[in-house]
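Visitor: Sharing a structure with you now.
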Amino acid sequence: MTEESKAEKFLELFNKGKEFTEELLRENQRLRYRLASLETEQKPAPEEVERLRSQIAQLTEENKRIHERFSAIEEENKDFANRYIEIEEQNNNLANLYVASYQLHSTLDFREVIQIVQEIVINLIGAEAFAILLLDEKTNELKTIASEGEDVMPNIDSISIRLGDGVMGQVARTGESYYINQDIDADSSEISIDKPLAAVPLKIKEHVIGLIAIYKLLQQKDSFSAVDYELFSLLAAHAATAIFSSKLYSQSERKLNTIQSFLDLLTTSS
Amino acid sequence: MENANFLVVEDSPTMRQLISFSLKRFKNAKIIEAVDGVDALKKLSGPDKIDLILTDINMPVMDGLKLVSLVRQNAQLKNIPIIIITTEGAEEDRERGLALGANAYISKPIQSSHLIKTISELLAV
């Protein structure tokens, strides 16, 4: 290749480079314009910015309000849940009291009444060892007429306590219930025939006719619950009335039979 | 669970009434009562299809554990859920009851809400 043709080739190459550079500069210029125009188009007006800011503030405020309302409702819901548990418990207690009262007045048979009192003390209160004592008004002595738990409290079936003597004698004299309030397990060694866990007088108005002494609760029961005290109050009054009425009824039945036999005898002999 | 038939096996009228009282929470529940295991078996062979049995353990004539065992051996009755309700609260008593085939074991004194929850779970309502 001659020197001349080399120079021409170089010139040609140089011209192409020049054209390409010019084209790049033009494109650059065009893009700058485009960018500038886009920036102008996209920039929001100050009033729009203000409107959006106020909307954000409003939404934030609303969000806060909703959050507060949610917390309040959540709290209310917790209250309702607690109230529901309370009502369930009250419902349970009322059912126990209703059934106990219904059963106590369902019969006039003395043995059946005593059996019902025992069922209530075992099944509803949860006692394993207990005694029902009646006051003999002639001797002023409290004597066991029914009991459970001879194996855990020996001689429970033959308790005899004078009115005014010891815890139970005092309960019968004053008509005030006696309870050991401390932890029952810790005190179990202190429980004896004349010092029960609980002693509940059986009262007709202020007149004590006997008492229920509880010595041991069932294994699964740690302590007396609120409904137990309600049941004790119910037993104090209703069991006393039921026992007293059934006793009177039995006595009147016996007297009636005697009179009837006597009348029969008179009729036959005449 | 609606229209369920419950068999309450208890020798104590007080407990029968208390359990029946709780079962009234189930709409249109029919409560059939039996005083011991033998009476329960008679009721189970009666016209009412029993959906769940609630039984005590200590009963005269036939106790609750024997009843559970016999029900589980009977082809027609073996799938009926059984809840034992008893004063026997020792762990070994619970294990014995469940081993014989009872589905749940509740110690007395019962809490109505606990009983309802247990029944609902067993009947998947």
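Visitor: How many residues does the range A:132-152 hold that are of a type in the set (A, V, I, L, M), farther than 13 Å from residue A:172 by Cβ and away from chain B (no Cβ under 14 Å)?
Guide: Qualifying residue count for the region: 2.
Visitor: Restricting the search to the range B:12-30, which residues are under 22 Å from residue A:93 (Cα atoms) and either in contact with a Gly (Cβ under 6 Å, 6 or more places away or on another chain) or surrounded by fewer than 18 Cβ atoms within 10 Å (Cβ to Cβ) (or both)?
Guide: The answer is B:24, B:25, B:27.
Visitor: I'm checking my understanding of the structure. Among residues of the range A:68-111 that are under 22 Å from the mean Cα position of the chain (by Cα) and aromatic (Phe, Trp, Tyr), which one is farthest from the other protein chains (Cβ to nearest Cβ)?
Guide: A:80
Visitor: Could you give me the residue pairs with C-beta distances under 6 Å whose first residue belongs to the range B:96-125 and is away from chain A (no Cβ under 14 Å) and free of Cβ contacts under 8 Å to residues at least 24 places away in the same chain, whose second residue is surrounded by 19 or more Cβ atoms within 10 Å (Cβ to Cβ) and part of a helix (DSSP H, G or I) wherever it lies, and which are 6+ apart or on separate chains?
Guide: Listed pairs, sorted by first residue: B:104/B:118.
Visitor: Please list, ordered by first then second residue, the pairs with beta carbon atoms under 9 Å, 6 or more apart or interchain, first in the range A:8-35 and surrounded by 10 or more Cβ atoms within 10 Å (Cβ to Cβ), second at pLDDT below 95 and not acidic (Asp, Glu).
Guide: Within 9 Å, the pairs are A:9/A:1.
Visitor: Residues A:152, A:167: which one is in a helix (DSSP H, G or I), surrounded by fewer than 21 Cβ atoms within 10 Å (Cβ to Cβ) and either in contact with a His (Cβ under 6 Å, 6 or more places away or on another chain) or of a type outside the set (Gly, Ala, Ser) (or both)?
Guide: Exactly one of A:152, A:167 is in a helix (DSSP H, G or I), surrounded by fewer than 21 Cβ atoms within 10 Å (Cβ to Cβ) and either in contact with a His (Cβ under 6 Å, 6 or more places away or on another chain) or of a type outside the set (Gly, Ala, Ser) (or both), namely A:167.
Visitor: Can I ask one more? Could you list, ordered by first residue, the pairs with Cβ atoms under 8 Å in which the first is in the range A:241-253 and over 15 Å from residue A:207 (Cβ atoms) and the second is of a type outside the set (A, V, I, L, M, F, W, C) and part of a helix (DSSP H, G or I), at least 6 apart or interchain?
Guide: That search, which allows pairs on different chains as well, returns A:246/A:112.
Visitor: For the range B:1-55, how many residues meet the condition of being assigned to a helix (DSSP H, G or I), aliphatic (A, V, I, L, M) and more than 14 Å from every other protein chain (Cβ to nearest Cβ)?
Guide: Result for the range B:1-55: 4.
Visitor: Let me ask something additional. Since residue B:61 meets every condition but one in (1) at negative phi; (2) over 14 Å from the mean Cα position of the chain (by Cα), which condition does it not meet?
Guide: Failed condition: (1).
Visitor: A further question on this structure: Scan (1) buried (at least 19 other Cβ atoms within 10 Å of the Cβ); (2) more than 14 Å from every other protein chain (Cβ to nearest Cβ); (3) among the small types (Gly, Ala, Ser) for the single condition residue B:69 breaks and write down its number.
Guide: Residue B:69 satisfies every listed condition except (1).
Yes or no, residue by residue, for (1) more than 16 Å from residue B:108 (Cα to Cα); (2) touching a residue at least 40 places away in the same chain (Cβ under 8 Å); (3) not small (Gly, Ala, Ser):
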site: B:30; (1), (2), (3): yes, no, yes
site: B:35; (1), (2), (3): yes, no, yes
site: B:46; (1), (2), (3): yes, no, no
site: B:55; (1), (2), (3): no, yes, yes
site: B:69; (1), (2), (3): yes, no, no
site: B:88; (1), (2), (3): no, no, yes
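Visitor: For residues that are in contact with a helix residue (DSSP H, G or I) (Cβ under 9 Å, 6 or more places away or on another chain) and among the acidic types (Asp, Glu), scanning just the range A:217-270, find the one that is farthest from residue A:119 (Cα to Cα).
Guide: A:222
The values are calculated or read from the model by the stated rules, or taken from the named source; none is laboratory data. What you see is a predicted model; the values in this text were computed from it and never measured. Glycine gets a Cβ as well: all are built from the backbone with ideal geometry, and neighbour counts include every protein chain shown.
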